[in-house]
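S.K.: Can you keep this structure in mind? I'll have questions shortly.
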Amino acid sequence: MIALESLTVRFGGLVALDAVSASFTAPVSGIIGPNGAGKTTTMNVISGFLTSAGSVTVDGTDLMRLAPHQRSRWGLRRSFQREQIADDLTVEENLWAIADNLSGSRAEKRANIATALEFTGITAIRAKPGAALNTFERRLCDLARCITGDPRLIMLDEPAGGLTVEETARLGGLIGAIPGLGRAQVLVIDHDVDLIQRICAETLVLDFGRRIAFGPTAAVLADPAVKAAYLGIEVEHA
């Protein structure tokens with residue numbers, strides 16, 4: 001379980017997160033909201049990149065007590081809106097850049113990387129340099145990096161950005177299958193509501209740094225407040 005309790009972040013007079021709480025229990029969950037709602041800020045707090053009031057615990061582990069590099073070794077992985085792929089490294093070397101900072105034998109790491117490559121379907125391009133990858137291949141390589149090293153929590157920030165409908169469908173299928181690989185829970189931010197609805201059992205909706213809805217995704221997307229804030233549909237008043 002991923003438990004966020006009263007997360008509050010202020011940048012001067014701006015309240016980026018206003019006492020946000022939610023407990024994610026589903027294998028794959030989503031965070032949605034309009035631009036500037038606080039979605040990436042939430043991920044940055046969980047990652048340890050931002051200081052926040054409140055708490056973040058995952059299966060009983062208090063992440064607030066861990067520095068960012070300690071969270072990575074504990075099992076936190078994340079992607080960013082712009083892929084973190086080293087252009088001068090091959091696909092496989094990009095995965096080794098993650099694995100080399102984790103515990104385990106060389107043989108265990110090699111086997112884990114092979115699993116990540118096979119799962120994402122990029123084994124055939126393992127020797128291709130990052131600079132030569134197309135957008136979809138970069139997304140797949142980024143996803144493979146996230147599942148390297150038996151992670152406990154994977155956070156994906158706009159993983160389908162710039163992809164075609166067909167590529168988004170394939171990526172969504174892979175994301176939905178991640179919990180079957182091991183123990184990782186997945187949190188996804190994306191503006192593609194169809195993708196969120198298809199792969200996320202639970203969804204948190206933020207607007208102006210505040211929680212406006214949380215629960216089963218279908219029910220959340222049917223909430224009039226969500227339609228008004230995120231989908232641009234006016235709420236009828238009696």
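The values are calculated or read from the model by the stated rules, or taken from the named source; none is laboratory data. From a predicted model like this one, the values you see are computed outputs, not experimental measurements. Cβ: placed from backbone, ideal geometry, glycine included. Neighbour counts: every protein chain shown. Calculation scope for accessible area: heavy atoms of the full protein, side chains included, ligands and nucleic acids excluded. Shrake-Rupley method; radii C 1.70, N 1.55, O 1.52, S 1.80 Å.
S.K.: Anything in the range 191-207 that is closer than 20 Å to SER23 by Cβ and among the hydrophobic types (A, V, I, L, M, F, W, C)? List them, or say none.
M.R.: ILE196, ILE199, CYS200, ALA201, LEU204, VAL205, LEU206
S.K.: Out of the residues in the range 181-211 meeting the condition of being farther than 10 Å from ILE32 by Cα and assigned to a loop (DSSP other than H, G, I, E, B), tell me which one is most open to solvent (accessible area, probe 1.4 Å).
M.R.: PHE208
S.K.: Considering the range 5-51 alone, what residues qualify as being open to solvent by less than 10 Å² (accessible area, probe 1.4 Å) and more than 15 Å from the chain's Cα centre (by Cα)?
M.R.: LEU7, VAL9, LEU17, VAL20, ALA22, ALA37, listed by residue number.
S.K.: Out of (1) within 18 Å of the chain's Cα centre (by Cα); (2) without any contact (Cβ under 8 Å) to a residue 60 or more places away in the chain; (3) open to solvent by less than 50 Å² (accessible area, probe 1.4 Å); (4) closer than 20 Å to ALA19 by Cα, the odd one out for GLY54 is which?
M.R.: Unmet for GLY54, out of (1) within 18 Å of the chain's Cα centre (by Cα); (2) without any contact (Cβ under 8 Å) to a residue 60 or more places away in the chain; (3) open to solvent by less than 50 Å² (accessible area, probe 1.4 Å); (4) closer than 20 Å to ALA19 by Cα: (1).
S.K.: Being among the polar types (S, T, N, Q) and open to solvent by 30 Å² or more (accessible area, probe 1.4 Å) is the requirement here; does THR164 meet it?
M.R.: yes
S.K.: Another question about this same structure. Would you mention how many residues in the range 149-161 are within 25 Å of LEU102 (Cβ to Cβ) and surrounded by fewer than 22 Cβ atoms within 10 Å (Cβ to Cβ)?
M.R.: Matching residues across the range 149-161 total 3.
S.K.: Name, by its number, the condition in (1) in contact with a Lys or Arg (Cβ under 9 Å, 6 or more places away or on another chain); (2) in contact (Cβ under 8 Å) with a residue 24 or more places away in the chain; (3) loosely packed, with under 15 Cβ neighbours inside 10 Å that does not hold for ASP100.
M.R.: (2)
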